[in-house]
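Working notes for the structure below.
Rule-based calculations on the coordinates, nothing more; no lab input. Everything quoted here is computed from the prediction, not taken from an experiment. Here the Cβ positions follow ideal geometry from the backbone for every residue, glycine too, while neighbour counts run over all protein chains shown.
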Amino acid sequence: MKKIFHKAAIYDHGQNLTGWKKAVTVPSLPEVFSTIRVPGNGSVWRKMLAFAGPGLMVSVGYMDPGNWATDIAGGAKFGYTLLAVIFISNIFAMVLQHLSLKLGIAAERDLAQACRDNYSKPVSIALWVLCEIAIAACDLAEVIGSAIALNLLFGIPLAVGVVITVLDVLVILFFQYKGFRYIESIVAGLITIIFACFAYEIIVSRPEVSSMLAGLIPSPQIVTDPTMLYIAIGILGATVMPHNLYLHSSIVQTRAYKRTEEGKKTAIRYATFDSTAALLLAFFINAAILIVAAAAFYNTAYSDVADITDAYKLLDPVLGVGAAGFLFAIALLASGQNSTITGTLSGQIVMEGFLNIRLKPWLRRLITRLIAVIPALIVTILYGEKGTTNLLILSQVILSVQLSFAVVPLVIFTSDKKKMGEFANKPLLKYSAWMISALIIAFNLFLLYQTFGEWLF
């Protein structure tokens, strides 16, 4: 692959070093940096197409297998009430992803590089360790989700399915060497499959439209009912992914836009449109999982369904159609495969950004995958399906813990005029971002208390 760094354009013009300690000498993801051409004088649609892609890759994290269990449990137990939580979580995600892409474009460094520049070495290492744990937890959810899907579709034992997931690392590597657009196209194709599957699921489940629309309005019951609040916080924790903030700040730099003030403004505008549109699609898919669960299981004998496998087995007889369960499993497999692409890329970004250590891409991806595969394999062999479900829940708790350590630095950096210049967050955006951060921290502390309280007290 041809490597295009455009050093003169980047390092002479764009970087305001008054707020940063050091200039970036090696760009984020150097093998794909600035490799996708952006038309200088093309139409709006051509420019939108040029910037389309990173948003879809980020949106994958908002519909990964880790979301499924919480969405299924929320829909089956409480109907459409928690749709409001998914909607609010998605708005949070839009704001945070906007900050992430703005950091990458305006400061010309990803979030990991920004942390390494701003914090001491011990703090940077600590943040890196937390991030690696979160990425491993996320990849764990994807490994388990893919293994469950292979088991449901083809009867492959869970342990064998876990081992098979190692092979998709080779597929990712193959397509990355062919060009970043190939990876984006694969992601877009898999999202299309997921979208089509759940569009069909919604049609055959025949949800109550009035109740569904009412569910988009927040209910006081969400806060007053402890069980509902617990699931609601789980949905929030599973929706806003910490590694996505690192990922987005990096992959927006794959576009060869002009590294000038005006060029950056244009890039931020189109990248924000791409991100927002993709997250709206993610909202539909995330909401669809809850809607299907609500339509199929709420106020029935199956209202306690919270397991992916149980949902798969019950969809056909409850809905009365033969393809519902099959398409559910197809969507799960596509979701797991999609998420692993972004997870392994995030692993490379945080290692290179925090530590400035550059491993061969195949080695870095293999390490990320093995960290996830080994515990999944052990738990699967020892405890079977029940163990994998509990491990899936634990992975979401770990992600919730790490989220604050990614969100807070992001808001600090993007609000700093010395670091961001004219691209610094305006007052309304800054205060909104801090409010979102405070809510995320509070919710996650409550989730941790609920999860581990019984063990400690």
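Values computed for the structure shown
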item: Within the chain: Cβ-based charge dipole about Cα centre, in debye rounded to nearest 20 (Lys, Arg +1; Asp, Glu -1); result: 2120 debye
item: Near-label residues of segment 176-215 by backbone N, under 18 Å of a point 7 Å along Cα→Cβ of residue 31; result: 176-187
item: Fewest-first ranking of 434, 128, 45, using other Cβ atoms within 10 Å as the exposure measure; result: 45, 434, 128
item: Degrees, to the nearest 10: 324-355 long Cα axis against longest axis of the chain; result: 30 degrees
item: Spatially proximal aspartates and glutamates relative to residue 426 (Cα-Cα < 16 Å; intrachain offsets below 8 disregarded); result: 416
item: Rg over Rh, two decimals, segment 21-175 (C-alpha only, Kirkwood Rh); result: 1.02
item: Hull shadow area, averaged, the chain [alpha-carbon convex hull, nm²]; result: 21.4 nm²
item: Long pairs among 360/418; 178/265; 47/360; 264/417; 21/265; 360/430, criterion Cα-Cα beyond 27 Å; result: 360/418; 178/265; 47/360; 360/430
item: Inverse mean reciprocal Cα-Cα distance (Kirkwood Rh) of segment 240-347, Å; result: 16.9 Å
item: Mean projected area (nm²) of the alpha-carbon convex hull when segment 112-206 is viewed from all directions; result: 9.4 nm²
item: Contour minus Cα-Cα distance for residue 182 and residue 417 (0.36 nm per residue); result: 80.9 nm
item: The chain: relative contact order in percent, alpha carbon pairs under 8 Å with at least 6 residues between; result: 35 percent
item: Exposed-site-free run, longest, the chain (rule: GluC sites (Glu not before Pro); DSSP loop; at most 15 other C-beta within 10 Å); result: 209-457
item: Approximate spin-label separation residue 448-residue 277, in nm, with each point projected 7 Å along Cα-to-Cβ; result: 3.9 nm
item: 3J(HN,Hα) from dihedral phi, segment 421-428, Karplus parametrisation 6.51/-1.76/1.60, rounded to Hz, x for glycine, proline; result: x, 5, 8, 4, 4, 6, x, 4
item: C-alpha long axis of helix 180-205 to longest principal axis of the chain, angle in °; result: 30 degrees
item: Stretch gain in nm, segment residue 208-residue 196, where the contour uses 0.36 nm per residue and the Cα spacing is subtracted; result: 2.3 nm
item: 0 to 90° range, to nearest 10: angle between helix 83-106 axis and the chain longest Cα axis; result: 20 degrees
